[in-house]
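The values are calculated or read from the model by the stated rules, or taken from the named source; none is laboratory data. All figures in this text were calculated on a predicted structure; none of them were measured in a lab. Here the Cβ positions follow ideal geometry from the backbone for every residue, glycine too, while neighbour counts run over all protein chains shown.
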Amino acid sequence: MWWRFPAEDPHGVVTAGYDVEPTVRLSRHVHVHPPRPFEVAMAFNPLTEKGMPLEDQLRSWNDMLQPPYDPETVDPYTQTRVILMNGIEVESIIFSHQFHRHTDNPDLRRQLALSRRVEQQQQKAINWLLPGELSPLETTIGYEQVAVDLTAWLARHEPDPLLKQALDFALLEDFDHLYRYANLYAMIQGRHAEALTGSLTEITPGRPTILEHAHPFDLVRPHYETHTVHPLSRLHVMTIVAAEQQTMNYYMNHGPDFVEPIARALYAEIAQIEEQHVTHYGSLIDPLDSWLQQLLFHEYNECYLYYSMAQQESDERIRNLWELHLQMEIGQLQVAAELLRKYEGQDAEELLPPMLPDVPLTFEPNKEYVRDVLANQVDLRQDGFGYALADDLPSDHRYWAFQAIQNGGPVDGGGTAPSEQVIRANREAVGAEYRDETEGPHPVIDLRRPPAEDETEMAFSENDEMIPGAAR
Amino acid sequence: MTTTSPIFTTTYDTGGTTKPLDAVTVAPERVAVTDAMKDALGSMNAPFVADFLSDALMHEQCGRHLYRAVASQTNNPMLKGRYEEYGQQTEQHVVVLQSLIAALGGEPGYVSPSARATEKLDTGAVQATFMLDGSLDLMTKELLMLNAVVLAETIDHSNWELIEQLSEQLDEGPAKEAFRDACAEVRPQEDDHVMWAMETRRRMITMQASSHMMQGVAATAENLVNRISSWFDDTAT
C-alpha cells in the first residue's frame, strides 16, 4: 500500500519540497526522494487530513522491522529522535492499557486494543532501529542527550513561566546525569562520550546528582488548568512526561545488565531521580480531563511530534518512517475523535487548536541556554509547590532529612552516593574526570574542574580508546 | 444585551481564563479578573456571582455534550428526538448565559473552581452512561442515560431558579434587565426539561416493573432493541 504526504495543506500553504512521489512503502523496499528543506510551514491540522485508516495500519514482520542505523555514522540527533519517539509510543501503549482497565465498554476496549496493537508495531519499528552494537551504557548516554536537549528546547519555547521553571529545574539534573554516565563510560568502556553526542551537547556537572534526592512531597508541582493552558504547553508537558517515563523504565530495567558494582549502583541512583522527574512532570497535567479527552490529546501530540521529527530528519529512510507514522497517527486521531463524539458528545475541534502550533519540536544544540540556567539555578531545590535556594531551606526541612537517609550520611561529605563514587573512581583510574566543555570553563565556579586536573586530561589513543593511567 | 458566538468547550483558543490556586498554575495573561462584575452587581458579592455563573455555564456546556452523547446511543426514537431537541435548546442556553456574563462585564471564558468541580460531576454522569456498557443490558443503559439527564436537568433547573432570584436583589437597570431577559428565555424551557425527564423516568421504571415481557434474561439484543424502540409509542414526538 502506498501513501502520499500532502503537497498542499488544507489552508493552502504549500509545504516545502512535498512532492507527490511515494516516500515509503509498507515493506522493506524503501523508496527515497531528495532531501527537503526544513522551512516547512506548520499550518497543519491533523483533523482535516485524510491520514491512514486504522484498519489499514497493521504491518507484517518484514514491514515492521527495518535494519538498524549505523552507529558509526548516525547523526546524534537522529538517535535522539529515535529514542524520544520510542518513549512516546511506549507512553501511548501504557496509557491505552490503563484506559482499557478502567472501562467495561467492549466497543471502547476493542478500539483501544486495535490502536494499541498498531502502536506496539510503531514502537518496534522505531526502537529496533537502535543498533545492537550499542551497549546499554551507550544507549543511556543517548537517553541523557535526549533529556538535555529536549528539556532545554521545551523550556526555551514554553509560554507559561511556571511550566518553564519546572523544565529548567529538572534540566540541570538530567544534565548532571549525562556527566556521571559519561565518566562511567570512560571508566568501564574506555571511550569518550563525545563520540556519541558529537559534542552537540556539553558534558559537565549540572546540579550534582547527590543533591537531587528530594522528599517525595516536594516533587508534586501545581498543574496547568486544562481550559486555559496554551496548546503548546500541553504538548510540551505530555512529551516530557513520556520521555522521562521511558528513561525511568530504561534504567529500572537495564541497571542490572552490568557486572561492575559502580555501574549497577549508578543506574539505581539515577533511576530514583527519574522517578522524581516522572512525578515532577506528571503532576503538571490537569487531571480533570476525561479518559477519552486524554486519548485524543495523546494522539494529537503524536501527530505533532511525528510532524516535527519529519521536518528535521537528515536520514532519508528514517524520515520516511516518521512520515508514515504521522499518517498512522492521523488515522488514530480520527478514531479517538469519533469515540469522543459518540460517547461524550464532544467534537475534537472543540478541544484542539485549529492547527498544530507553529513551532515544530527540534533537536538542536542548547549549550548557551543550559549554561545560563546552570549559572542561575543550580542551587534551587523543590520546596512544597515552589522552589527555594538550598541555603534558604531551614535545617529541619524534610529535604535535609531525606538527604541524610538517602545518602547514608552527611551530605557535605559526599556520602556514599554512587554518582560521586563514579567521578572519584574515574579520576583515580585515569588521573582526571571526563568532561566535554566546548564553550569554555564551567559557568559555576564551584563546579569547575579541580585545579589539579587543569593540566591533566585523559589520554586517548587515535581510535578513541582510553589509555588507562596515562596523562598528558 | 450583547451577543456572543457560542462556545461549547472553553479552551485557550476560545479565551479561557481561570483563578490560580496553590495546586493550579495559570499563565499571567490567563488569570481571570473575578471582580469584573462589581460595577454591574452593586452591593452583591461580585466574585462569588462570577464563580456561580461560570459554574452554571459549565453545567449548560456539559449538558449540551450529554444530550449529544445520549442522542447518539439511545435505541428509542422518541428519546432520541427529545434528546436532540433539548440538546439544541441547551446550546441556546449556553449562548444566553455567555451573553448575560458579558453584559454584566464579566468574562464568558472564565472557568471558576466550582465550574471545574461541576465539570467533574457532569462528566462523571456522562461516563456512567457508557463506561460500564459491558455489564449492562440495553434497557438498563437506557435508564442510566435518562438518569444522567434527570440529574443534569435537576441541577440546571435549580441554577436558573437561583439566577432569577439573584436578579431580584438588583436595582432596576441594565444588569437587572439582562438577568430578566435571560431568565425569560430559558426558564420555561428548563421547567419543561426537568418535568419531562422526571416523568419519563417514572414511566420507564413503572413500565418495566409491570411488564412480564421485560423479565426474560435470555432476551436477545435484537429483541431488546425492538422492545426499547417501541417504548412511548403513544407519545412519540
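Only one of these is within 13 Å of the chain's Cα centre (by Cα) and away from every other protein chain (no Cβ under 14 Å): B:A56, B:A50. Name it.
Numbers: B:A50 fails: within 13 Å of the chain's Cα centre (by Cα).
The conditions single out B:A56.
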Residue that is surrounded by the fewest Cβ atoms within 10 Å (Cβ to Cβ), among those in region B:129-156 that are within 13 Å of chain A (Cβ to nearest Cβ) and within 17 Å of B:R82 (Cβ to Cβ):
B:L144
Take region A:148-205 and flag every residue that is within 14 Å of another protein chain (Cβ to nearest Cβ) and of a type in the set (K, R).
A:K164
Residues that are crowded, with 24+ Cβ neighbours inside 10 Å and either closer than 23 Å to A:E368 by Cβ or touching a Pro at 6+ places or on another chain (Cβ under 9 Å) (or both): does region A:109-120 have at least one?
no
Out of all the residues in region A:383-394, is one or more surrounded by 23 or more Cβ atoms within 10 Å (Cβ to Cβ), away from chain B (no Cβ under 11 Å) and at pLDDT 95 or above?
no
A:R234 meets each of (1) over 17 Å from the mean Cα position of the chain (by Cα); (2) more than 29 Å from A:D446 (Cα to Cα); (3) basic (K, R) with one exception, condition (1)
Is at least one residue of region B:96-111 more than 23 Å from A:L351 (Cβ to Cβ) and among the aromatic types (F, W, Y)?
no
Evaluate the following for B:T118: is it within 19 Å of A:T228 (Cα to Cα), β-branched (V, I, T), within 13 Å of chain A (Cβ to nearest Cβ) and in contact with a helix residue (DSSP H, G or I) (Cβ under 8 Å, 6 or more places away or on another chain)?
yes
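State yes or no: is A:A125 away from every other protein chain (no Cβ under 14 Å), buried (at least 19 other Cβ atoms within 10 Å of the Cβ) and at pLDDT 95 or above? Steps first, please.
Values: away from every other protein chain (no Cβ under 14 Å): yes; buried (at least 19 other Cβ atoms within 10 Å of the Cβ): yes; at pLDDT 95 or above: yes.
The answer is yes for A:A125.
Please pick out the residue among A:Y304, A:Y343 that is under 30 Å from A:Q66 (Cβ atoms) and not basic (K, R). Walk me through how you get there before you give the answer.
Working: A:Y343 fails: under 30 Å from A:Q66 (Cβ atoms).
From the options A:Y304, A:Y343, the qualifying one is A:Y304.
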Quick one: count up the residues across region A:274-295 that are in a helix (DSSP H, G or I) and either polar (S, T, N, Q) or crowded, with 24+ Cβ neighbours inside 10 Å (or both).
10
Hey, can you tell me all the residues within region A:232-266 that are surrounded by 19 or more Cβ atoms within 10 Å (Cβ to Cβ) and without any contact (Cβ under 8 Å) to a residue 24 or more places away in the chain?
A:G255
Does any residue of region B:185-198 turn out to be more than 14 Å from chain A (Cβ to nearest Cβ), more than 21 Å from B:R68 (Cβ to Cβ) and of a type in the set (G, A, S)?
no
Considering only region B:156-166, I want to know if a residue exists there that is assigned to a helix (DSSP H, G or I), within 23 Å of B:A102 (Cβ to Cβ) and over 18 Å from the mean Cα position of the chain (by Cα).
yes
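For B:F8, are the conditions met, namely being modelled with pLDDT of 95 or more and within 8 Å of chain A (Cβ to nearest Cβ)? I'd like the intermediate steps shown before the answer.
Numbers: modelled with pLDDT of 95 or more: yes; within 8 Å of chain A (Cβ to nearest Cβ): yes.
So B:F8 fits the description; yes.
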So which residues in region A:329-361 are crowded, with 18+ Cβ neighbours inside 10 Å, more than 9 Å from chain B (Cβ to nearest Cβ) and farther than 17 Å from A:E49 by Cβ?
A:L339, A:L340, A:L361
Among the residues of region A:63-121, write down those that are part of a helix (DSSP H, G or I) and within 14 Å of another protein chain (Cβ to nearest Cβ).
A:Q98, A:F99, A:H100, A:R101, A:P106, A:D107, A:L108, A:R109, A:R110, A:Q111, A:L112, A:A113
Those residues that are out of contact with any His (no Cβ under 9 Å at 6 or more places or on another chain), within 14 Å of another protein chain (Cβ to nearest Cβ) and crowded, with 20+ Cβ neighbours inside 10 Å, I need them from region B:74-86; list them, please.
B:T74, B:Y83
